[in-house]
Structures are given as C-alpha cells and as structure tokens.
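Read the structure below first, then the notes.
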Amino acid sequence: MILNYRMNAGYISLDHWVHGVEGGGRNRGEACHIYDLFTYLTGSKVLKVEANAIKQVFSSDAIVP
C-alpha cells in the first residue's frame, strides 16, 4: 500500500517554536500527525518517509536555526 498526502502548511516565521530545538522542524512538529494518521488507517508501522518540495517559495522556512 502506498499513501500519498499533499500538505500546504504555509510559511512559519523563523522565530516560531517549530524551528527551535523543542519543535524539531516542520517534519517533526507537523508532519508527525500525518504519520500517526497513516499508522492508524493502515494498522502498520511507518517504514520510510520521503518528502519533496514542488516549488521552494520560502527557502528560509525549511532552515532550523
């Protein structure tokens, strides 16, 4: 089974908690909820996560200080 989820989370300023040590970046801070949903829907554990940007609009948004 392959699940595909497209997320348009929008820009988060660099001083937001998600970019800090406690937030762990967008993947850990937000996408983790999608992994949890997939685990629930399939009854399986996550084996691989791959993320690709369609277009990098805000390059600084992906940087964890």
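The values are calculated or read from the model by the stated rules, or taken from the named source; none is laboratory data. From a predicted model like this one, the values you see are computed outputs, not experimental measurements. Glycine gets a Cβ as well: all are built from the backbone with ideal geometry, and neighbour counts include every protein chain shown.
Tally up the residues in the range 1-22 that are without any contact (Cβ under 8 Å) to a residue 24 or more places away in the chain and not hydroxyl-bearing (Ser, Thr, Tyr), please. Give the derivation first.
Just the residues of the range 1-22 that are without any contact (Cβ under 8 Å) to a residue 24 or more places away in the chain, to begin with: 2, 4, 6, 8-10, 13, 15-18, 21-22.
Now narrow it down to the ones that are not hydroxyl-bearing (Ser, Thr, Tyr): 2, 4, 6, 8-10, 15-18, 21-22.
Qualifying residue count for the region: 12.
Show the residue pairs that are 6+ apart or on different chains and have beta-carbon atoms under 6 Å apart, the first residue being within the range 30-52 and of a type outside the set (D, E, K, R), the second being outside any loop (DSSP other than H, G, I, E, B).
As it stands, the answer is VAL46/TYR35, since those pairs meet every condition given.
Would you tally the residues in the range 14-52 being modelled with pLDDT of 85 or more, polar (S, T, N, Q) and in a loop (DSSP other than H, G, I, E, B)?
Going through the range 14-52 one residue at a time, the tally reaches 1.
Which ones in the range 1-18 are within 12 Å of the chain's Cα centre (by Cα) and farther than 21 Å from TYR40 by Cα? Show your work before the answer.
Taking the range 1-18 and keeping what is within 12 Å of the chain's Cα centre (by Cα), we get 5-10, 18.
Passing the criteria: ASN8, ALA9, GLY10, VAL18.
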